[in-house]
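For reference, the structure discussed in these notes is given below.
The values are calculated or read from the model by the stated rules, or taken from the named source; none is laboratory data. Here the structure is a predicted model, which means the values were calculated and not measured. Cβ coordinates were reconstructed from backbone atoms using ideal geometry, including for glycine residues, and neighbour counts include every protein chain displayed. Ligands, DNA and RNA are stripped out before the accessible areas are found, and what is left, the full protein with its side chains, is counted by its heavy atoms. Shrake-Rupley method; radii C 1.70, N 1.55, O 1.52, S 1.80 Å.
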Amino acid sequence: MRFDCVIIGGGLAGLTAGLKLQSKGLDTAIVSTGQNALHFFSGSFASMQEAPAEIIELFSAAGIKLHYEKGVRLMPLGTFRDAELSLEDIELFKAPKFAKKALVVNLSGFHDFFASFLAEGLEKQGISCQIRSINFPELEALAKSPSEMRSVQIARIMDRITDKVIREVRMLLSDEDAVVLPQVFGLQDSAVIEQLRKGIPVRVVFAGTLPPSVPGIRTQMLLKRRYEALGGTFMASDEVLKAHLYEGRVHSIATRNLDNHFIEADNFILATGGYFSKGLRSNPFGISEPIFGLDVRFDENRSAWYNPSFAADQPYMKYGVVTDASLHALREGKALENVFAIGSILGGTRPELGTGAGLAIRSALEASNQILNIK
Amino acid sequence: MNLQEFTQSKYNFEECMKCTVCTAYCPVLQVNPLYPGPKQAGPDGERLRLKDPFFFNYALKYCMNCKRCEVACPSGVKVADLIQAARIKHDHSKPKLRDRMLASTDTMGSLARPLAPVVNATIGLGVTKSLLDATLKIDKHRTFPKYSGRSFEGWLKRHAKAQAAFPEQVAYFHGCYVNYNYPQLGKDLVKVLNALGVGVQLLEKEKCCSIALITNGMSGKATKQATHNVGVLRKAIIDKGLKVLTTSSTCSLTLRDEYPGLLGIDNSDIRGAIQIAVRYIYEKLEGGAKLEFKPDYHKKIAYHVPCHMERLGWGVFSEKLLRSIPGVEFTLLDSNCCGIAGTYGFKKENYEASQKIGEPLFNQIREVNPDVVACDCETCKWQIEMSTGYKVMNPISILAEALA
Ligand SMILES: Cc1cc2nc3c(=O)[nH]c(=O)nc-3n(C[C@H](O)[C@H](O)[C@H](O)COP(=O)(O)OP(=O)(O)OC[C@H]3O[C@@H](n4cnc5c(N)ncnc54)[C@H](O)[C@@H]3O)c2cc1C
Ligand code: SF4
Ligand code: SF4
């Protein structure tokens, strides 16, 4: 099988590159084993100090509305953090005191939402708080198996009874000027978010739950659907095992399911993520990249990998695949002509490109531009 | 040195990082509150079961073995295999008569086939269905696949000479469905392969791939049949140097992955040569072979990737072939389970869940409103046809129909 470009890894970085290249007329494929870090996405893109029009457009064509403001957002445990580019679910405030009086609403039996921490945090900012819990009979079936009272299962039900949720919340409101709800709405479509904001007469703020992230899963699903609608080939259940190199170029890759049917392409993008997604592997002797055997930057002295203080920045998070200025990946010190590395696999090796989702998007756009220029 | 070689177990259960991603994709968990879900039933439960088999939970029988949890898991945990293996190991309850009947697709087939008109008429009757519902707990809403009066094997034997004349040869694992219920699919495959200059042979004597036995708690019989099958597959693949093609995604997955994974039968020397036909045909065309299509063919096709095809990672071959037929307007349906999962949806206790699981898929099909739904799985076909009224065809049959 042959493509103009094959992308390995279907997380935020891989999908962004795929969308861009596919929408510019290239024939691309994404090969991905397992789901990705978007399933834990808070809804805010780290280190996006600007709002690239291109990203807003690519995402909005997929049905994902982004908004951009410099501000702060509410975190799951009632603290506040600076945030910029975010999904529409996320409210961005000028300052943490976003209301005078807030109503924090939980759903009976749901333990993955931290209402009391949230209320405590808000009180600290001078927002007086009330916690109320709504009992929806529709959730009772779920409650039979408490281990499954989880965000996604709940969202499936909430999205069917949005009108009822609005009615119940309105009934609880007295003189509050804001409502805080768990992020369990809009699994398929963010229209539900809009509907809640329209139906509830005060400011509606969504706060994170334990994973999986409902807005993150929606984002992943919409990006993938758009990619496929543009004619992209998404191979959801295959793992790239190795690459065939010849004179500084990769001509094909081998996967677990295709045996000796190799996938060929002019260019390859490596977007296999960090340790979490196994793009990087570590053992007591070192850190490696398993598909191409790329050069990885890490400290030879193993005790330097960790900072014993749990809350401190961890040095191992900075380790990653080494690239040249145009994001070509290096192997034995030499750049591979047609292999680009993007997203979390870069770790902290390219600080100028940012971190987290910001790094994923910037590096994806940059590598795609390189590929489009070669064409 | 790769330390993990020494620390990894067969189904990778210790790799589970408790991220809960699998629970978001399990179709059963969405509709059946009695099912503990892939994480609990799989890696979490395994930790307990290793300590004491007492912790085995009979609710594991609600797992449909659709493998969606495995497709989703970012850590490579073989969640569904863990669950099925636990059932094989710990569930010693005797399978009910109904489950034995549903699972014995080939015995039932060879009994019913000679009497096909009678059997078809009888099981089509409302009374019979209600009777089956009441006595055997086979849901009365189900339409039974019809039995064909003539088996595919018999048909191909009659054409063996002509097939042998083709310069290139493949063997075909047709499976019970093609043999007893729908020989036309096998004939369609022969038509397409012949057009590519390839002749089709039978295996020496295949038995049912046995997936239904495995999921219905009859792993002993399954192991016997699987061992037999691996023997005849070896004869074709190693002795004769042939590839073995299938037209069913579930048969392919079972022969390639469930034999070593669940029944402990080593097939590493032949696994790569067992392929679904669309892949073989795609590779032929890529290698320069040509198919002549009707100039005036026109069809709006919506393709549903069956769960097991998704697990195999081969949906791309069907998609690319269908797209390459001139006059085809193609839509790829979202990744959703149809809810039938082999014999699962036939059981009365699963009927309602089964239909609920399929709803998003059925709704999307109605929205797209295609001339035909394409799909590589026979049980998906029954489910989608019964639930939506849309006609379902295997991509191979669509290719055959479009040939000039
Ligand atoms: C728990 C968690 C929460 C986070 N929350 C945020 C947040 O709120 N905001 C933010 O800005 N950033 C967050 N991040 C950072 C996050 O890593 C990035 O935002 C971004 O999502 C990373 O995208 P990626 O595409 O580079 O990698 P990933 O999302 O990790 O995707 C990599 C994909 O490649 C696949 N893959 C790996 N190896 C292979 C192979 N051999 N063959 C085929 N496929 C393969 C993996 O299975 C995976 O699907 C979070 C990270 C984690 C781990
Ligand atoms: S998706 Fe995989 S790692 Fe995550 S909880 Fe399920 S089995 Fe464990
Ligand atoms: S195989 Fe299917 S039904 Fe069974 S746990 Fe996994 S996703 Fe759920």
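What the phi angles of segment B:167-173 give under the Karplus curve with 6.51, -1.76 and 1.60, with θ = phi - 60°, is a coupling list of x, 10, 9, 9, 9, 10, 8 Hz, glycine and proline written as x. When the Kirkwood hydrodynamic radius is evaluated over all pairs of different C-alpha atoms of segment B:313-378, what value in angstrom, to one decimal, is obtained? Hydrodynamic radius (Kirkwood, Cα pairs) of segment B:313-378 is 13.5 Å.
Evaluated with a Cβ-only charge set (Lys, Arg +1; Asp, Glu -1), segment A:331-373 carries a dipole of roughly 60 debye about its Cα centre, given to the nearest 20. Mean sequence separation of contacting Cα pairs (under 8 Å, at least six apart), scaled by the length of chain A, corresponds to a relative contact order of 21 percent. When A:L330, B:L189, B:L50, A:L210 are compared by accessible surface with a 1.4 Å probe, the order from highest to lowest is B:L50, A:L210, A:L330, B:L189.
Taking label positions 7 Å along the Cα-Cβ direction at both B:K157 and A:K100, the computed distance is 9.0 nm, reported to one decimal. Taking the charge dipole of segment B:252-404 about its Cα centre, with +1 at Lys and Arg Cβ atoms and -1 at Asp and Glu Cβ atoms, the residue from B:L285, B:Y351, B:L333 reaching farthest to the positive side is B:L285.
Bridging of A:K24 to lysines at a Cα separation below 16 Å is possible for A:K375, once same-chain residues fewer than 8 apart are set aside. Report the far tail of the P(r) of segment A:144-264, meaning the percent of Cα-Cα pairs longer than 18 Å. Here the long-distance tail beyond 18 Å is 66 percent of all Cα pairs in segment A:144-264. For A:F340, the residues 5 or more places off, or on other chains, whose built amide H falls under 5 Å of its own are A:F268, A:I269, A:L270, A:A329. 3J(HN,Hα) along segment A:196-210: 5, 5, 6, x, 9, x, 10, 4, 10, 10, 9, 10, x, 10, 5 Hz, from the Karplus curve 6.51 cos²θ - 1.76 cosθ + 1.60 with θ = phi - 60°, whole Hz, x for Gly and Pro.
Picking from A:A325, A:S174, B:V192, whose Cα lies most toward the positive end of the charge dipole for the protein assembly as shown (charges on Cβ: Lys, Arg +1; Asp, Glu -1)? Selected residue: B:V192. Taking amide hydrogens as placed 1.01 Å from N in the peptide plane, the amide H of B:E329 sits under 5 Å from those of B:K299, B:K300, B:I301, each at least 5 positions away in sequence or on another chain.
B:E258 contributes about 0 Å² of solvent-accessible surface, heavy atoms of the protein only, 1.4 Å probe. In segment B:9-104, the inverse of the mean reciprocal separation of distinct Cα atoms equals 13.7 Å; this is its Kirkwood hydrodynamic radius. Across all Cα atoms of segment B:292-402, the radius of gyration (one decimal) and Dmax (whole number) stand at 13.9, 49 Å.
Suppose every Lys and Arg Cβ carries +1 and every Asp and Glu Cβ carries -1, with no other charges. What dipole size does segment A:47-211 come out with about its Cα centre, to the nearest 20 debye?
Approximately 460 debye in magnitude.
A viscosity of 0.692 mPa s and a temperature of 37 °C, combined with the Kirkwood radius over Cα pairs in Stokes-Einstein, give a translational diffusion coefficient for segment A:326-375 of 295 µm²/s. Computed from backbone phi with θ = phi - 60° and the Karplus coefficients 6.51, -1.76 and 1.60, the 3J(HN,Hα) list for segment B:383-392 is 5, 5, 5, 5, 8, 10, x, 7, 6, 10 Hz; x is used for glycine and proline.
Computed over all pairs of different Cα atoms, the Kirkwood value for the hydrodynamic radius of segment B:167-224 is 12.9 Å. Segment A:53-180: D in µm²/s via Stokes-Einstein (Kirkwood Rh, Cα pairs, 37 °C, 0.692 mPa s)? In µm²/s, the coefficient is 201. Can you send over the carbon and sulfur percentage of the accessible area for the protein assembly as shown, probe radius 1.4 Å, protein chains only? Looking at the protein assembly as shown in its full context, I get 54 percent from C and S. Note on segment B:298-402: antiparallel DSSP beta bridges, both residues inside, total approximately 0 percent of the bridges counted. Radius of gyration over Kirkwood radius for segment A:190-240, both on Cα atoms: the Rg/Rh ratio is 1.15. Scanning residues 5 or more positions from A:N106 or on other chains, those with amide H under 5 Å from its amide H are A:R132, A:S133, A:I134, with H placed 1.01 Å from N in the peptide plane. Note on segment A:47-211: lysine pairs with Cα distance below 14 Å, sequence gap of 8 or more or different chains, count 5. Ranking A:A207, A:A229, A:G354 by how far each Cα lies toward the positive end of the dipole of the protein assembly as shown (charges on Cβ) leaves A:A229 at the top.
Residues of the protein assembly as shown: accessible area per residue at 1.4 Å, in Å²?
In whole numbers, the protein assembly as shown has 40 Å² accessible per residue.
P(r) tail for segment A:239-375, what percent of Cα pairs lie past 17 Å? Result for the distance tail: 60 percent. What the Cα atoms of the protein assembly as shown give is an Rg and a Dmax of 27.2, 89 Å. Seen from a random direction on average, the alpha-carbon convex hull of segment A:181-322 projects onto 13.2 square nanometres. Of A:R302, A:R225, A:R160, the residue with the greatest mean-square motion in the GNM of chain A, using alpha carbon springs below 10 Å, is A:R302.
If only the Cβ of Lys and Arg carry +1 and only the Cβ of Asp and Glu carry -1, the dipole of segment B:353-404 around its Cα centre is close to 120 debye.
Per residue, the convex hull spanned by the Cα atoms of chain A amounts to 149 cubic angstrom.
With N counted as the residues of segment A:1-120, its alpha-carbon radius of gyration over 2.2 N^0.38 Å works out to 1.34. May I ask for the percentage of alpha-carbon pairs in segment B:275-343 that lie more than 14 Å from each other? Distances greater than 14 Å cover 64 percent of the Cα pairs. Straight-line reach from B:K240: taking Cα to Cα under 25 Å and skipping same-chain neighbours fewer than 8 places apart, the lysines in range are B:K157, B:K161, B:K187, B:K191, B:K205, B:K207, B:K224, B:K284.
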